[in-house]
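One structure below.
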Amino acid sequence: MGEYVTQLVVGVGGRAGVSVAEVCALVEETLRGAGLASEAVTALATVESKAAEAGLAGAAERFGVPLIGYPAEQLAAITVPHPSEAVRVETGTPSVAEAAALVAGGELLVPKRRSVAATCAVATAQAHDLRHHGDAEVIDAGSGMVDLAVNVRSDTPPEWLKQRIAASLGDLAAYPDGRSARAAVAARHGLPVERVLLTAGAAEAFVLIARALGAVRPVVVHPQFTEPEAALRDAGHRVERVLLKAEDGFRLDPALVPEEADLVVVGNPTNPTSVLHPAATLAALARPGRILVVDEAFMDAVPGEREALAGRTDVPGLVVLRSLTKTWGLAGLRIGYVLAEPEVIAKLAAAQPLWPVSTPALVAAEACVAPAALAEAEEAARRIAVDREHLLAGLAEFDEVSVVGVAEGPFVLIRVADAVEVRTRLRGLGFAVRRGDTFPGLDRSWLRLAVRDRATTGRLLQALDHALALAAP
């Protein structure tokens, strides 16, 4: 069985007379530094006026791929992170390497790198689908499908919460009043209410952040939930990515984040890797003039909420997002909240529509942060941890499957040869799992599995065994 490798396009540029050796050395060093395989390169690309340059053509020949030349006006229409007026004057486009890498519609993995006489940039051959979510795996799948693609806790919402929500329906004639729920959330985290904003799920918060905070150089740490980047792009931002590597266990090194970034987004525990970053590592990302957004949508599924930053007031520019939809099964109700400095909360609130959170959702928010609910969530988190270890132990029995990093969330990211075929076969056997290739930094060899009870996991492992056997040559 073969392993899928992300296909790459390398944009290249060079001064007249640049040598094959210099171009190849720059490309190879760039790929190696990003943990990318040279065998994955499908083409070198440049501007038409450079396509006859012997050094570029020779480099393409040495890599065994075509050299594609694009008209300067076509490249000039591509938005790039590092445009140059001098390059535009010389070639007719503000960037040769970055624009040529991106012109086919992919996503930039490595921005422009330079040697003495050459430049290069690396992009995927096609773009990730940032709007693909786990629910797409189970929509119209039928009631018999076991859902391991969506990370909402099974058997939720609990009956007591349904009753609380149902009791609120008699108040629908009145406009929503979020003061009580906001105060309850503030009390839950030991914060003044001025540091709390209730939102229609964490997804609304990403949109508000993208539109209201005036970021100039936003950076998103991947692989992670794709909505933050999608929201930033929709708001007209050019987004830079920091791609964490599987060989490093998807651990975050703060030094990877550009010092000039004024908005940084990172998940903790991160979806889909399930890696829980140390709070100190995340806090080290804080800078004067920088907004640090930490998505803690799954933190209440971690026993003791280890490494949480929610409630911290000593980290400048910190914005913590929380969701109540995952642990409590409220994805259809849409409820979450933001914790941040009062000035940031005020900017986000000014961008919200009137009455953004419904009365039933406000009632749910207040109920889910009550002491009894927090105790129930903690117990659920401990059960999830035990169930996750059972899943990991079962997965370890398969030579074809690997788990990268230390899983701490209610889901597990696995790498498996022929993952596309395995996912299709699992679906035929009644199990929906989440494809991984829509997450920047991952390719089609990755799948995400939600943690379920031991009985469900047992059936999944049997189905996986069957699916892998069918995929064997």
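The values are calculated or read from the model by the stated rules, or taken from the named source; none is laboratory data. Worth saying up front: this structure is predicted, and the values here are computed from it rather than measured. Virtual Cβ from ideal backbone geometry, glycine too; neighbours counted across all protein chains shown. Remember, those area values only see protein heavy atoms, side chains included, never the ligands or the DNA or RNA. Shrake-Rupley method; radii C 1.70, N 1.55, O 1.52, S 1.80 Å.
Pairing the Cα long axis of helix 342-351 with the longest principal axis of the chain, what angle in degrees results, from 0 to 90 and rounded to the nearest 10?
80
Spin-label point model (7 Å from Cα, Cβ direction): what's the L429 to E48 distance in nm?
5.3
Would you tally the net charge around V344, using a Cβ to Cβ cut-off of less than 11 Å, leaving V344 out, and scoring K and R as +1, D and E as -1?
-1
Ignoring everything except DSSP H segments at least 4 long, calculate the 222 nm mean residue ellipticity for the chain; use -39,500 (n - 2.57) per segment, divide by total residues, nearest 500.
-10500 deg cm²/dmol
Scale the Cα Rg of the chain by the rule-of-thumb value 2.2 N^0.38 Å and send over the ratio, two decimals.
1.05
On C-alpha positions alone, give me the angle between the axis of helix 454-471 and the longest principal axis of the chain, in degrees, nearest 10.
20
For segment 276-289, just list the computed ³J(HN,Hα) in residue order, Karplus coefficients 6.51, -1.76 and 1.60, θ = phi - 60°, integers in Hz, with x standing in for Gly and Pro.
9, 7, x, 4, 5, 5, 5, 4, 5, 7, 5, 8, x, x
For the chain, find the longest principal axis of its Cα atoms and tell me its angle to the long axis of helix 371-395, 0 to 90°, nearest 10.
The two axes meet at around 50 degrees.
Running Debye on segment 369-445 with equal point scatterers at the Cα sites and no solvent, what base-10 log of I(q)/I(0) appears at q = 0.16 Å⁻¹?
-0.72
Quick query: amide H of L263 versus all other amide H atoms, modeled in the peptide plane; which residues come in under 5 Å with a sequence gap of 5 or more or a different chain?
Long-range HN contacts for L263: R217, V219, I291.
How large is ³J(HN,Hα), in whole Hz, for each residue of segment 25-37 in order, when computed from phi with the Karplus curve 6.51 cos²θ - 1.76 cosθ + 1.60 and θ = phi - 60°, using x for Gly and Pro?
Running phi through 6.51 cos²θ - 1.76 cosθ + 1.60 with θ = phi - 60° gives 4, 5, 5, 5, 5, 5, 5, 4, x, 9, x, 9, 8 Hz.
Would you please give the FRET efficiency between E159 and T281, computed as 1/(1 + (r/R0)^6) with r the Cβ-Cβ distance and R0 = 41 Å, to the nearest 0.05?
0.55
Round to a whole angstrom and tell me the spacing of the C-alpha centers of segment 408-473 and segment 11-42.
The distance from the Cα centre of segment 408-473 to that of segment 11-42 comes to 35 Å.
Return the long-range amide H neighbours of T199 (sequence gap of 5 or more, or a different chain), with a cut-off of under 5 Å between placed amide H atoms.
Under 5 Å from the amide H of T199 lie the amide H atoms of G336, Y337, V338, each far enough along the sequence or on another chain.
Taking H placed 1.01 Å from N in the peptide plane, check which residues at least 5 places from L243 or on another chain put their amide H under 5 Å from its amide H.
H222
Kindly sort F250, F398 by accessible area of their heavy atoms, largest first, with the probe set to 1.4 Å.
Result, largest first: F398, F250.
Taking N as the number of residues in segment 1-88, what is its alpha-carbon radius of gyration divided by 2.2 N^0.38 Å?
1.13
R415 accessible area, nearest 10 Å², 1.4 Å probe?
60
At a 10 angstrom cut-off on C-beta neighbours, averaged per residue, how do the peptides 297-305, 173-181, 319-327 rank from highest to lowest?
319-327, 297-305, 173-181
Between T313 and T79, what's the calculated FRET efficiency when r is the beta-carbon distance and R0 is 56 Å? Round to 0.05.
Efficiency computed from Cβ-Cβ geometry: 0.90.
How much of the DSSP bridge set in the chain is antiparallel, in percent, rounded to the nearest 5?
Just about 55 percent of them are antiparallel.
Quick check: net charge around T30, other residues with Cβ under 11 Å of its Cβ, Lys/Arg +1 and Asp/Glu -1? Display every interim value, and only then the final one.
Values: positive: R32, K112, R113, R114; negative: E28, E29.
Neighbourhood net charge equals +2.
Could you give the nm distance between label points at A174 and L392, where each point is 7 Å from its Cα heading toward the beta carbon?
It works out to 4.8 nm between the two label points.
V420: accessible area at probe 1.4 Å, nearest 10 Å²?
Its heavy atoms expose roughly 60 Å² to the probe.
What list of ³J(HN,Hα) values in whole Hz, one per residue of segment 53-67 in order, does the Karplus curve 6.51 cos²θ - 1.76 cosθ + 1.60 (θ = phi - 60°) give from phi, with Gly and Pro shown as x?
The phi angles translate into 4, 4, x, 6, 4, x, 5, 4, 5, 5, 7, x, 10, x, 9 Hz.
State in Å² the accessible area per residue of segment 327-394; use a 1.4 Å probe, count heavy atoms of protein chains only, and round to the nearest integer.
Here the residues of segment 327-394 average 41 Å² of exposed surface.
I'd like the accessible area for E376, computed on protein heavy atoms only with a 1.4 Å probe and all protein chains in place. Round to 10 Å², please.
Solvent-accessible area, nearest 10 Å²: 60 Å².
Please compute the net charge surrounding R383, taking Lys and Arg as +1 and Asp and Glu as -1 over other residues with Cβ under 12 Å from its Cβ.
Values: positive: R153, R382, R388, R452, R454; negative: D155, E376, E378, E379, D387, E389, D453.
So the environment of R383 carries a net charge of -2.
Quote to one decimal, in nm, the extra length available between E61 and M145 on full extension: 0.36 nm per residue of separation minus the C-alpha distance between them.
25.3 nm
Rounded, prolate or oblate, given the Cα gyration tensor of segment 294-392, with a/c below 1.5 counting as rounded?
Working: a/c = 2.30, a/b = 1.42, b/c = 1.62.
Oblate is the answer for segment 294-392, as a/c is 1.5 or above yet b/c matches or exceeds a/b.
At what distance in nm do the modelled label points of A86 and A375 sit from each other, each positioned 7 Å from its Cα along Cα→Cβ?
6.9
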